[in-house]
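Asker: Dropping a structure here in structure tokens format, bear with me for questions.
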Amino acid sequence: MNRYDLVIVGAGPAGSSAALTASSRGLKTLIVEKQREVGRNILCAEGVSCNFLNLVKPKKGVATIIYRAGLTFENGESIFIEKEDGIGAVLERKIFDRHIFERAVEQGAEPLVGTPMVDIQKDGKYYKIKLEGKNGKMSVYAENIIGADGPASRVALLSGIENPPKIVHYCSQVYLYHPEIDGKTILFYFGNNLAPGGYAWVFPKDDGYANVGVGTTDPGDASWNYLAKFLDKYYKGAKILGFLRGTVPSGGLDLEFQKDRVFLTGDAARFADPLSGGGIANAFISGNIASLAIVEDKPEEYREKINNILEKDYRLSLLARQIIYSMDDSELNILAQELKRVFHGKNLTEIKSFNLVKMIFSTSPALWGLIIKKGGVNIAKTIQKIVS
Ligand SMILES: Cc1cc2nc3c(=O)[nH]c(=O)nc-3n(C[C@H](O)[C@H](O)[C@H](O)COP(=O)(O)OP(=O)(O)OC[C@H]3O[C@@H](n4cnc5c(N)ncnc54)[C@H](O)[C@@H]3O)c2cc1C
């Protein structure tokens, strides 16, 4: 019988990170992926912080290092920040994801690709996991399951974990060529007409080439329509080389993400940052933490460990999100002016919501006024407590 200590469903950043940790610590680990090969059909703008690169130390899969970041508001105000040794990076995820997967396999994880997981049943001490591969149906047994199967997690559904995301970013993106794209500069655009409840991004892969997209809380075709307007305004004549649409679920720290020995990670657990929608780093980190909880045989500590590592950033991003995305245009203009004042001549260490928000809120009385106006005194006090 095919028995494992751990079966991981999904070989994105969360699943492969979990497999790497589990197999390098001696767990008999199977990682199943429904796609025929890892790195296909990735929905992502591929931006990560330098901290993430330092944590993972990938040998492959980095498209470009970013040295300059720009924020542009609808009133035309632009703020640029530079850093000599790099602000962040844009990955080539089809290579990066495969690289982490291969590292896990080298450590002993057993790969099973082209094989969707279709059902989970509890069978005594084991979970019976049904798979549908190219050779037909099969079952494997495991004491532990890690659900790393992305936003539409079947692991969550089949194991009875109810975790409808608290926040959903609806995203549309194109991969384009335009001669004005600078391969070392990342750009963000904010505005209620441009991307309500979110932002537009330009994440370069090289000079001339970039992932350009819009994320918004407006569902349906809205993100696509906002993107068309954005492209018309800023990148007229761009050559579209590819496009995608997807969602980023967030709000997971306030939801269930574990039941018995089923652990949800990454997007399956809705761990993406509530403000930026970035989920690669938290996927990678949560995969690692879930496997450690299994290796140490302390499943009950999974939530506590996740909270220790992710909660501070999460809470601050959530509050910042509530405030920033409820601002009208005149308030956004004040924000733009204050950002210019706060960031002028400053070095950023990384593109991480917590540090950005901390820097903004800890230096601007005008913004405190706005926070109190938008969120009330209690929210202002909570933010002050988190950033102090
Ligand atoms: C348009 C867009 C732009 C984004 N940009 C960024 C960004 O710039 N930076 C950032 O940090 N984050 C970004 N994100 C979010 C980021 O892509 C995700 O947070 C991240 O991929 C989550 O990793 P994961 O491993 O949890 O899930 P995924 O990467 O979704 O991997 C899940 C894997 O599980 C597999 N799977 C699913 N179901 C099954 C099944 N039943 N059986 C077997 N396998 C299965 C899938 O095929 C997939 O390989 C973006 C998201 C979108 C939609």
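The values are calculated or read from the model by the stated rules, or taken from the named source; none is laboratory data. Everything quoted here is computed from the prediction, not taken from an experiment. Because the Cβ atoms are built from the backbone with ideal geometry, glycine has one as well, and the counts that use them run over all protein chains shown.
Asker: If you go through the stretch 167-180 one residue at a time, do you hit one that is small (Gly, Ala, Ser), surrounded by fewer than 21 Cβ atoms within 10 Å (Cβ to Cβ) and assigned by TED's automatic domain parsing to the domain that holds GLU84?
Answerer: Within the stretch 167-180 (the criterion being small (Gly, Ala, Ser), surrounded by fewer than 21 Cβ atoms within 10 Å (Cβ to Cβ) and assigned by TED's automatic domain parsing to the domain that holds GLU84), the answer is no, since none of the residues qualifies.
Residue-wise test of (1) crowded, with 24+ Cβ neighbours inside 10 Å; (2) under 25 Å from ASN211 (Cα atoms); (3) assigned by TED's automatic domain parsing to the domain that holds ASN282; (4) touching a helix residue (DSSP H, G or I) at 6+ places or on another chain (Cβ under 6 Å).
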| position | (1), (2), (3), (4) |
| --- | --- |
| GLY10 | yes, yes, yes, no |
| PRO13 | yes, yes, yes, yes |
| SER17 | yes, yes, yes, yes |
| ILE31 | yes, no, yes, yes |
| VAL48 | yes, yes, no, yes |
| ASN51 | no, yes, no, no |
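Asker: Something else now. Exactly one of these conditions fails for ARG303: (1) touching a strand residue (DSSP E or B) at 6+ places or on another chain (Cβ under 7 Å); (2) surrounded by 23 or more Cβ atoms within 10 Å (Cβ to Cβ). Give me its number.
Answerer: (2)
Asker: Out of (1) touching a residue at least 60 places away in the same chain (Cβ under 8 Å); (2) over 14 Å from the mean Cα position of the chain (by Cα); (3) within 16 Å of the ligand (Cβ to nearest atom), what's the single condition that is false for PRO274?
Answerer: Result: PRO274 passes all but (2).
Asker: What do you reckon, is GLY220 over 25 Å from ASP313 (Cα atoms) and in contact (Cβ under 8 Å) with a residue 12 or more places away in the chain?
Answerer: So GLY220 passes the test.
Asker: Looking for whichever is within 19 Å of VAL155 (Cα to Cα), within 14 Å of the ligand (Cβ to nearest atom), modelled with pLDDT under 95 and within 20 Å of the chain's Cα centre (by Cα) here; the options are GLY266, GLY287, GLY279, GLY252. Which one fits?
Answerer: Details: GLY266 fails: modelled with pLDDT under 95; GLY287 fails: modelled with pLDDT under 95; GLY279 fails: modelled with pLDDT under 95.
It is GLY252.
Asker: So, in the stretch 27-55, exactly how many residues are free of Cβ contacts under 8 Å to residues at least 24 places away in the same chain and more than 8 Å from the ligand (Cβ to nearest atom)? I'd like the intermediate steps shown before the answer.
Answerer: Of all residues in the stretch 27-55, those free of Cβ contacts under 8 Å to residues at least 24 places away in the same chain come to 41, 54.
Next, from what is left, pick out any that are more than 8 Å from the ligand (Cβ to nearest atom): 54.
So the answer is 1.
Here is a yes/no grid of residues against (1) farther than 26 Å from ASP97 by Cβ; (2) surrounded by fewer than 21 Cβ atoms within 10 Å (Cβ to Cβ); (3) of a type in the set (Gly, Ala, Ser); (4) outside the structural domain of ILE31 (by TED's automatic domain parsing):
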position	(1), (2), (3), (4)
ASN135	no, yes, no, no
PRO151	no, yes, no, no
VAL155	no, no, no, no
LEU158	no, yes, no, no
PHE188	no, yes, no, yes
ASN211	no, no, no, yes
SER223	no, no, yes, yes
ALA228	yes, yes, yes, yes
GLY242	no, yes, yes, yes
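Asker: Let me ask something else. Show me the strands (runs of 3 or more DSSP E) found entirely inside the stretch 132-249 where at least 2 residues are under 16 Å from GLY278 (Cβ atoms) and of a type in the set (Gly, Ala, Ser).
Answerer: Correct list: 209-216.
Asker: For the stretch 56-83: of the residues being outside any strand (DSSP E or B), touching a strand residue (DSSP E or B) at 6+ places or on another chain (Cβ under 9 Å) and in contact (Cβ under 8 Å) with a residue 60 or more places away in the chain, which is nearest to ALA210 (Cα to Cα)?
Answerer: Taking the stretch 56-83 as the starting set, the residues that turn out to be outside any strand (DSSP E or B) are 56-61, 67, 74-77, 83.
Filter once more, keeping what is touching a strand residue (DSSP E or B) at 6+ places or on another chain (Cβ under 9 Å): 56, 58, 61, 67, 74, 77, 83.
Within this subset, residues satisfying the condition of being in contact (Cβ under 8 Å) with a residue 60 or more places away in the chain are 56, 67, 74, 77, 83.
Numbers: VAL56: 23, TYR67: 15, GLU74: 21, GLU77: 22, LYS83: 20 Å.
Top of the filtered list is TYR67.
Asker: Hey, any hits in the stretch 13-30 for a residue that's among the β-branched types (Val, Ile, Thr) and either at pLDDT 95 or above or part of a loop (DSSP other than H, G, I, E, B) (or both)?
Answerer: Within the stretch 13-30, one or more residues are among the β-branched types (Val, Ile, Thr) and either at pLDDT 95 or above or part of a loop (DSSP other than H, G, I, E, B) (or both).
Asker: Moving to a separate point now. Could you list, ordered by first residue, the pairs with Cβ atoms under 7 Å in which the first is in the stretch 316-337 and in the same structural domain as THR382 (by TED's automatic domain parsing) and the second is in a helix (DSSP H, G or I) and basic (Lys, Arg), at least 6 apart or interchain?
Answerer: Qualifying pairs under 7 Å: ILE323/LYS374; SER326/LYS374; MET327/LYS374.
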